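Read the figures in this text as sums done on the coordinates, not as results from a lab. Worth saying up front: this structure is predicted, and the values here are computed from it rather than measured. When we count neighbours, we look across all protein chains shown, and the Cβ atoms used for this are built from the backbone with ideal geometry, even at glycine.
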Amino acid sequence: LVSDCLLLGTAGLLELRNFAKGVLVNALLQILKNKGQENAVSMVNAILHNVARDGAATMEKMRKSPLQEERALWAGIPQWVLPAWKKSWSHEELNELFELMQIPPRASLRTPPGKRDEVLNMLVERGMEAASSELFPDSIRLASTVLPSLVPGFQEGLTTVQTEGSMLAASLVGN
């Protein structure tokens, strides 16, 4: 339980953007108290306090490190995977891959021919950040992921959620 609280606390402190970090730490400490782990509360609190204070700087040092083991950890790659990846990719390719893995996930939408601008206007009116894709004339890129049923026009069949990679594969098969 202590390890789980430290893991969840560290991940939350380093990754959550729109959540009160103190609330996260207090909730984890309360779980420890409720489960009879009072002796670990002060230690977990101190460690998470240090993570909150120094974690971002430590992660940035790992991102810039010349050691691929540290860069892999920064990118979320388990250490046991790295040796196999080193056999497949060069040092530069791995560094580029680590950077690419940090790009936030985004959704893409396919629209019927000639309907992209209509759907794009509906998205913008709904306050969703969206732009036309340069790759496909009937595709829209969103700034984040999305629940399909919340996309304007989805229920009416004006759009489907589909990655641009899938669109590319479909266009190649169609040729």
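Look at the alpha carbon pairs under 8 Å that are at least 6 residues apart: their mean separation over the length of the chain gives a relative contact order of 15 percent.
Rounded to the nearest 20 debye, the dipole magnitude of the chain is 440 debye, with +1 charges on Lys and Arg beta carbons, -1 on Asp and Glu beta carbons, and the Cα centre as origin. If eta is 0.890 mPa s and T is 25 °C, what Stokes-Einstein diffusion coefficient results for the range 33-83, Kirkwood Rh from Cα pairs, in µm²/s? Value of D from the Cα-based Kirkwood radius: 190 µm²/s. Taking every alpha-carbon pair in the range 131-175 and binning the separations at 5 Å intervals from zero gives 5, 19, 28, 25, 16, 6, 1 percent. Here the gap between residue 135 and residue 39, fully extended at 0.36 nm per residue and compared with their Cα-Cα distance, gives a gain of 28.8 nm. Along the positive direction of the dipole of the chain (beta-carbon charges: Lys, Arg +1; Asp, Glu -1; about the Cα centre), which of 80, 145, 109 reaches farthest? About the Cα centre, the residue reaching furthest to the positive side is 80.
Based on Cα contacts under 8 Å between residues 6+ apart, the range 101-167 shows a relative contact order of 44 percent.
Listed by chain and number, the lysines whose C-alpha is less than 19 Å from the C-alpha of residue 21, apart from same-chain residues fewer than 8 away, are 33. Rounded to the nearest whole Hz, the Karplus-based 3J(HN,Hα) values (6.51 cos²θ - 1.76 cosθ + 1.60, θ = phi - 60°) of the range 11-22 follow the sequence 4, x, 5, 8, 10, 5, 10, 10, 9, 5, 5, x, with x at glycine and proline. Averaging the Cα positions of each part gives two centres, and for the range 7-58 and the range 123-145 these lie 37 Å apart. Extents of the range 87-175, largest first, come to 48, 34, 20 Å (Cα atoms, principal axes, whole angstrom). 3J(HN,Hα) along the range 134-141: 7, 8, 9, x, 10, 10, 10, 9 Hz, from the Karplus curve 6.51 cos²θ - 1.76 cosθ + 1.60 with θ = phi - 60°, whole Hz, x for Gly and Pro.
Shape index of the chain: Rg/Rh, with Rg the Cα radius of gyration and Rh the Kirkwood radius from the inverse mean 1/r over Cα pairs, equals 1.10. Sequence-ordered 3J(HN,Hα) estimates for the range 113-121 from the Karplus curve with 6.51, -1.76 and 1.60 and θ = phi - 60° stand at x, x, 9, 4, 5, 4, 5, 4, 4 Hz, glycine and proline given as x.
With only alpha-carbon pairs counted, each pair once and no self-pairs, how large is the Kirkwood hydrodynamic radius of the range 99-151 in angstroms?
Kirkwood hydrodynamic radius for the range 99-151: 11.6 Å.
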